[in-house]
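Participant: Dropping a structure here in C-alpha cells format, bear with me for questions.
All of the numbers you see were taken from the coordinates with simple rules; none came from a lab. This structure is a prediction, so every number in the text was calculated from the model and none was measured. We place every Cβ from the backbone using ideal geometry, glycine too, and count neighbours over all the protein chains shown.
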Amino acid sequence: MIVGWRVAGHMRTDMVLDALEMARWSRGTQLEGLRCHSDAGSQFTSLRYGERLAEIGAVPSIGTVGDSYDNALAETVNGYYKAELIRGPSRPGPWRTVDDVELATLGWVHWHNHQRLHGYLADLPPTEFKERFYATQQGNQALVEIK
C-alpha cells in the first residue's frame with residue numbers, strides 16, 4: 001500500500017520529507033520499527049532525512065551502490081507507476097505542469113490502493129488485504145482474551 005508520496009520538479013530532501021510526513025500522518029506520529037528502503041541518492045543520505053527518521057523511530061536501509069536489494073519494491077512500484085501513468089498509453093497527452101502530474105498521481109495512488117489487484121496479496125487491493133489482516137489479528141486477540 002502506498003502511504004506516502006510526493007510529486008516535485010526536483011529530487012531534494014524536502015520532497016522525500018514531504019512523502020515521509022504523509023506516511024506518518026496516515027500511520028501515526030511514531031513509526032517504531034519502520035524500515036525505510038531507498039537508494040543511495042543524496043536526498044536519502046542527507047542529515048535532515050536521517051534525523052527525521054530517528055525522531056519518529058524509523059531507521060534507514062540503504063543498499064550498496066549498484067544493488068537493488070533494499071529498494072526493489074520501491075523501484076518496482078516506481079516502474080509501473082511510470083509505465084502506467086507517466087509514460088503510459090492512458091495519459092491524456094503531454095504533461096504540462098507538475099500540478100497536472102500531481103493530480104493524476106493522486107488518482108493513480110487511490111486506484112492502486114483501493115482497486116488494483118495484487119497477486120502477492122491474494123489478488124486483493126492493498127486496502128482490502130490490510131482490513132482482512134487486521135480483522136484476523138483482532139479475532140485472534142479476542143480468542144486469546146477469552147481463554
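Participant: Sort HIS110, HIS37 so the one with the fewest other Cβ atoms within 10 Å of its own Cβ comes first.
Facilitator: Values: HIS110 13, HIS37 17.
If I rank by nearby Cβ atoms, fewest first, I get HIS110, HIS37.
Participant: On to the next question. Given just the C-alpha atoms of the range 1-136, how large is their convex hull per residue in cubic angstrom? Let's see the in-between values first.
Facilitator: On the way: hull volume 17.6 nm³, N = 136.
Spread over its residues, the Cα hull of the range 1-136 gives 130 Å³ apiece.
Participant: Above 18 Å lies some portion of the pair distances; for the range 72-121, what is it as a whole percent of all C-alpha pairs? Display every interim value, and only then the final one.
Facilitator: Working: 379 of 1225 pairs.
Across the range 72-121, Cα pairs with separations above 18 Å total 31 percent.
Participant: Could you tally the net charge around TRP108, taking each other residue with its Cβ under 13 Å from the Cβ of TRP108, Lys/Arg +1 and Asp/Glu -1?
Facilitator: On the way: positive: LYS82, ARG87, ARG91, ARG116; negative: GLU84, ASP100, GLU102.
Once all neighbours under 13 Å are counted, the net charge is +1.
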